[in-house]
Structures are given as structure tokens and as C-alpha cells.
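Student: The structure's right below; bear with me while I get my questions together.
The values are calculated or read from the model by the stated rules, or taken from the named source; none is laboratory data. Predicted model only: the values in this text are computed from it and were never measured. Positions of Cβ are backbone-derived with ideal geometry, glycine not excepted, and every protein chain shown enters the neighbour counts. Heavy atoms of the whole protein, side chains included, go into the accessibility calculation; ligands, DNA and RNA do not. Shrake-Rupley method; radii C 1.70, N 1.55, O 1.52, S 1.80 Å.
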Amino acid sequence: MNDTDNRLASVFNFTEDDLAANLQGYLTPTQKKVLAETRRARGCGARIAYIIMAGSVVIFVVAFVLGGGLNAPLSTGALTAYAVAISVFIGIFLLSMAYSRVLSRDLRTGKISVAEGPARRRTKEYRLGTAFFVKIGRRRFQLAYPEQFAAFDEGTYYRIYYVKNPPLHLILSIETVKS
């Protein structure tokens with residue numbers, strides 16, 4: 001590896017063996033472990049989302065009961081309104097969870113994707129800090145650390161091996177490419 005590739009390997013924590021395996025379409029045991037940890041974290045987030053959804057449904061039901069339930073005047077209309085609201089809420093939630101699952105299928109399968117092209121670096125300021133992005137070809141990557149952002153040279157051609165995991169794709173390895 002050249003100096004640029006060594007710098008990338010250092011800040012993105014991959015080895016020559018990782019890069020060689022990714023070139024052939026394989027994950028190394030270390031990379032499989034990272035994917036497993038990421039899947040576990042996503043699963044934890046999904047469980048929290050299900051708990052919040054269930055709690056929200058309980059709040060809807062409690063609000064209906066405290067509002068007089070079926071004994072309240074016009075209870076049929078209120079019951080219909082609550083049933084529609086709960087159904088829409090659950091439907092939107094389940095659709096978003098299914099969509100998220102579809103988007104993260106490569107994380108489950110370990111499918112390696114490749115992006116190639118010149119680097120275009122961008123930052124975006126938020127109240128809580130700065131977000132760092134690099135666009136390689138048509139794929140945009142959000143970077144975790146300023147050191148990762150600094151490792152890319154604007155306009156230099158790179159090939160990135162990654163696993164799709166929107167919105168934060170998992171970068172496995174990177175190499176510079178002659179344009």
C-alpha cells in the first residue's frame with residue numbers, strides 16, 4: 001500500500017488482508033464481527049422502537065377509557081376515531097420498520113458493495129457539532145471522525161468497499177485508484 005492507502009487504513013482501521021479479502025468479495029473474521037455488533041445495535045434500537053409503539057397504543061387506549069370509553073356520548077364516533085388513529089399509527093410504524101429492514105438487508109447478508117470515483121468532501125454544521133461527508137462516485141458516506149474526513153484528498157480517485165447500512169454505510173476498506 002502507498003502512503004495515502006496506509007493513512008486510510010490507519011484511520012478506518014483495516015488491514016491489507018481486509019482489503020485483499022474485500023477485493024475478492026469476502027469479509028474477514030474481524031469485519032464479520034463488526035457487522036454482527038452493528039446488527040445487534042440495530043436490533044436493540046428496533047426493540048426500543050417496538051416498546052415505544054406499544055406504549056403509544058396503551059396511551060391511546062387509556063385516553064379513550066379516561067374520556068368515558070363506550071359510555072361517553074357519541075362513543076361510537078369516538079371509538080371509530082380512536083380505532084382509525086391507532087390503526088394508522090401502527091400501520092405507519094410497521095411500514096417504516098419493514099422499509100428499514102429492507103434497506104439494511106446487506107447488513108444481514110454481509111454483501112459488499114463498491115463505490116469508485118473522485119472524492120468530494122463536504123461538512124455540514126449543526127447546533128451540536130459538525131457532520132463530515134465524502135462523496136465517492138454517486139455514493140455519499142457520512143464519516144464518524146474528523147481524521148477520517150482529513151484522510152481523503154479532494155479530487156483523488158478512490159475505491160471504497162462497504163456494506164450498505166443507510167444512513168451510515170459501513171466502510172470496510174479503501175484504496176486509491178488511478179483515474
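Student: Just the residues that are at pLDDT 80 or above, of a type in the set (A, V, I, L, M, F, W, C) and in a helix (DSSP H, G or I), please, taken from segment 98-123.
Tutor: Result: Ala98, Val102, Leu107.
Student: Limited to segment 150-176, what total is found for residues that are open to solvent by less than 30 Å² (accessible area, probe 1.4 Å) and either part of a loop (DSSP other than H, G, I, E, B) or out of contact with any Asp or Glu (no Cβ under 8 Å at 6 or more places or on another chain) (or both)?
Tutor: So the answer is 6.
Student: Another question, then. List pairs: first in segment 30-59 and without any contact (Cβ under 8 Å) to a residue 60 or more places away in the chain and part of a helix (DSSP H, G or I), second surrounded by 12 or more Cβ atoms within 10 Å (Cβ to Cβ) and not β-branched (Val, Ile, Thr), Cβ under 6 Å, 6+ apart or cross-chain?
Tutor: Every condition considered, the pairs that remain are Met53/Phe93.
Student: I need every pair where a residue in segment 93-108 that is within 17 Å of Tyr162 (Cα to Cα) has its Cβ under 7 Å from the Cβ of a residue that is in a helix (DSSP H, G or I) and β-branched (Val, Ile, Thr), sequence separation at least 6 or different chains.
Tutor: Leu107/Thr38
Student: I need the full set of residues from segment 1-29 which are assigned to a helix (DSSP H, G or I), crowded, with 16+ Cβ neighbours inside 10 Å and free of Cβ contacts under 8 Å to residues at least 60 places away in the same chain, in order please.
Tutor: Narrowing segment 1-29 to residues assigned to a helix (DSSP H, G or I): 3-12, 16-23, 29.
Those left that are additionally crowded, with 16+ Cβ neighbours inside 10 Å: 4-5, 7-9, 11-12, 18-19, 21-22.
The answer is Ala21, and nothing else.
Student: Please indicate, with yes or no, whether at least one residue in segment 93-116 is more than 20 Å from the chain's Cα centre (by Cα), closer than 24 Å to Met1 by Cβ and open to solvent by less than 60 Å² (accessible area, probe 1.4 Å).
Tutor: no
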